[in-house]
1. Any residue at all in segment 105-122 that's open to solvent by less than 80 Å² (accessible area, probe 1.4 Å) and farther than 19 Å from Glu13 by Cβ?
2. Pairs, please: C-beta under 7 Å, at least 6 apart or cross-chain, first residue in contact (Cβ under 8 Å) with a residue 40 or more places away in the chain and on the phi > 0 side of the Ramachandran plot and in segment 49-69, second outside any strand (DSSP E or B) and open to solvent by less than 50 Å² (accessible area, probe 1.4 Å)?
3. Which one of the conditions (1) surrounded by fewer than 13 Cβ atoms within 10 Å (Cβ to Cβ); (2) under 23 Å from Glu105 (Cβ atoms); (3) at pLDDT below 95 does Trp72 fail to meet, given that it meets all the rest?
4. Among the residues of segment 94-103, is any part of a helix (DSSP H, G or I), over 13 Å from Tyr12 (Cα atoms) and open to solvent by 50 Å² or more (accessible area, probe 1.4 Å)?
5. Here are some conditions: (1) under 14 Å from the mean Cα position of the chain (by Cα); (2) in contact (Cβ under 8 Å) with a residue 24 or more places away in the chain. Tyr79 meets all but one. Which one does it not meet?
6. Please work out which residue is most open to solvent (accessible area, probe 1.4 Å), limiting yourself to segment 1-39 and to residues that are β-branched (Val, Ile, Thr) and within 14 Å of the chain's Cα centre (by Cα).
7. State yes or no: is Phe48 under 25 Å from Leu124 (Cα atoms), surrounded by 15 or more Cβ atoms within 10 Å (Cβ to Cβ) and not β-branched (Val, Ile, Thr)?
Amino acid sequence: MMNDKKKMRLEYEVKSSPKILFSFLSTPNGLADWFADNVTISENIYTFYWDKESLRAQLVAFKENKLVKFQWLDGETEYFELEIIQDEMTGDVALSVTDFSIDEEVQEKELIWNNQIGMLISVLGA
């Protein structure tokens, strides 16, 4: 149930241009490089594959070089959002991750995201 889950926001510094970073957040090939083992897309529905599990999500928000938001289609109302934030003064780029978790799993979810974003940064060579 969504009510039991708390919104969590994590932010990561990423040494990459927003345009390059965005391709890794919004394309099946890019997402398969760091987020899932494989990703397919059909009519705005992305299917994410990990080992023997797959989850489907609809792309519900898309701002070029800025933001993607995926709504899970497994009956829950939760989503995850990846937003690129660029500091206008310094040009520094950060990736903000919004996700949901029950209290008992917040630390585990943070570790998963830290690991995934670590993979992303490694793939980017950033």
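The values are calculated or read from the model by the stated rules, or taken from the named source; none is laboratory data. Computed from a predicted model, the values in this text were never measured in an experiment. Neighbour counts are summed over all protein chains in view; Cβ atoms, including those assigned to glycine, are modelled from backbone coordinates with ideal geometry. Just the protein is used for accessible areas: all its heavy atoms, side chains included, with ligands, DNA and RNA removed. Shrake-Rupley method; radii C 1.70, N 1.55, O 1.52, S 1.80 Å.
1. Yes: segment 105-122 contains one or more residues that are open to solvent by less than 80 Å² (accessible area, probe 1.4 Å) and farther than 19 Å from Glu13 by Cβ.
2. Partner pairs satisfying both residue conditions: Asn65/Pro18; Asn65/Phe22.
3. (1)
4. Looking for residues that are part of a helix (DSSP H, G or I), over 13 Å from Tyr12 (Cα atoms) and open to solvent by 50 Å² or more (accessible area, probe 1.4 Å), one finds at least one in segment 94-103, hence yes.
5. For Tyr79, the exception is condition (2).
6. Across segment 1-39, the extreme among qualifying residues is Thr27.
7. Yes, satisfied.
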